[in-house]
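The values are calculated or read from the model by the stated rules, or taken from the named source; none is laboratory data. Source: prediction; values computed, not measured. So basically every Cβ, Gly included, is an ideal-geometry build from the backbone, and we count neighbours across all protein chains shown. Side chains included, ligands, DNA and RNA excluded: accessible areas come from the protein's heavy atoms. Shrake-Rupley method; radii C 1.70, N 1.55, O 1.52, S 1.80 Å.
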Amino acid sequence: MIQAKQITKSYGPLQVLKGVDFAADRAEVVSIVGASGAGKTTLLQILGTLSVPDSGTLVLDGVEVLALPPARLAEVRNKKIGFVFQFHHLLPEFTALENVCIPGYIAKEKQTDVVKRAKELLDFLSLSGRMHHKPSELSGGEQQRVAVARALMNRPLVLLADEPSGNLDTYNKMELHKLFFSLRDNFGQTIIIVTHDPSLASMTDRCLEMKDGMFV
């Protein structure tokens, strides 16, 4: 589903990624672990086309995405990649339902279809009773599940998660961890997770360790 080859990235004199190769199959859940500064988040940002490498190739669903013009790349990012971050980044002035709808509106889908899909996702995530609440009225676990629903809005092929449970208590952390595998089983997504949490890493199909800009 996704394949990166010989990815390098430097920030000034600091080389963060040193020729990284990575691949994940359809419906595979892969975790990436390592100390802070190892290059995990930088790699995830490149896999999600949020950052451009200095060199290397990135193929998503058979398409070399780094060769695409900016407008086409933005379309691929919107429709084929979902993002879940440590901080949920929900827009505070909008309800849970409205937050989930935003990627669908960006993709220029019909409003009725977008709202229907958003409600289905919130129901799947046990949030049907909270869809008209704003983020400030939701618990941390609920906010993160809304963020997951938003990431799933456009039925992405790949879901990228950067420390998704880092701000959650033990109960909500375990619920989120189980949710990732439920998503894979129900929607068939390829899921790539950067985490410091050993319990989450141990649950994934593969766990890869980064050190000094390379996989160990």
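General observations
- Reduced Cα scattering model of the range 127-191, Debye log10 I(q)/I(0), q = 0.16, 0.18, 0.20, 0.27 Å⁻¹: -0.54, -0.69, -0.84, -1.31
- Global geometry of the range 1-99, whether rounded, prolate or oblate, following the gyration tensor of its Cα atoms and the 1.5 cut on a/c: prolate
- Within the accessible area of the range 90-216, the carbon and sulfur atoms contribute 52%, probe 1.4 Å, all protein chains present.
- Considering only the chain, percent of DSSP beta bridges that pair antiparallel, nearest 5: 50
- Principal-axis analysis of the Cα atoms of the chain puts helix 111-124 at an angle of about 80° to the longest axis.
- Convex hull volume per residue for the range 111-156, taking Cα atoms only, in Å³: 70
- Relative to the longest principal axis of the Cα atoms of the chain, helix 70-80 runs at roughly 60 degrees.
- Per residue value of the accessible surface for the chain (all protein chains in place, 1.4 Å probe), Å²: 47
- 10 Å binning of all Cα-Cα separations within the range 161-216, expressed as whole percents from 0 upward: 21, 55, 22, 3
- 3J(HN,Hα) from dihedral phi, the range 102-109, Karplus parametrisation 6.51/-1.76/1.60, rounded to Hz, x for glycine, proline: 3, x, x, 5, 4, 7, 6, 7
- Comparing A201, A151, A23 in a Gaussian network model of the chain (Cα springs below 10 Å), the most mobile by mean-square fluctuation is A23.
- Counted by Cβ distance under 9 Å from G213, the other residues give a net charge of +2, where Lys and Arg count +1 and Asp and Glu count -1.
- Three-way shape call for the range 31-181 based on the alpha-carbon gyration tensor, with the a/c threshold at 1.5: oblate
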